[in-house]
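Have a look at the structure below before the remarks.
Coordinate-derived values only; no laboratory data. Keep in mind it's a predicted model, so treat the numbers as computed, not measured. Virtual Cβ from ideal backbone geometry, glycine too; neighbours counted across all protein chains shown.
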Amino acid sequence: KRAKINTIILCEKNRKDIEEIEAHYVKGMAFHYVNEMKEVLDLAILDQKVKSPKKLEVPATPKS
């Protein structure tokens with residue numbers, strides 16, 4: 001929550017572990033349980049482009 005992550009994708013086998021967590025700890029979070037990698041991709045990959053992408057700057061590696 002502190003990291004502003006509110007959507008979590010987990011293996012279906014972890015569902016019982018999440019259900020044991022007290023509700024106030026997971027309030028406002030969305031959990032998606034999957035069995036196959038295709039399900040992860042369907043949830044994680046957006047169909048549309050990000051409106052304001054952040055530019056990634058990679059520092060140049062000094063040559064020796």
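See the values below:
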read-out: Relative contact order computed over the chain (Cα-Cα under 8 Å; 6+ residues apart), in percent; value: 35
read-out: Relative counts (whole %) of C-alpha pair distances in the chain, using bins that are 5 Å wide; value: 3, 12, 16, 17, 16, 10, 10, 7, 5, 3, 1
read-out: Sequence-distant residues sharing a close amide H with residue 32 (under 5 Å, placed H); value: 8, 9, 10
read-out: Relative exposure of 42, 47, judged by other C-beta atoms within 10 Å (fewest first); value: 47, 42
read-out: Listed residue (58, 18, 3) projecting farthest to the positive dipole end of the chain, Cβ model; value: 58
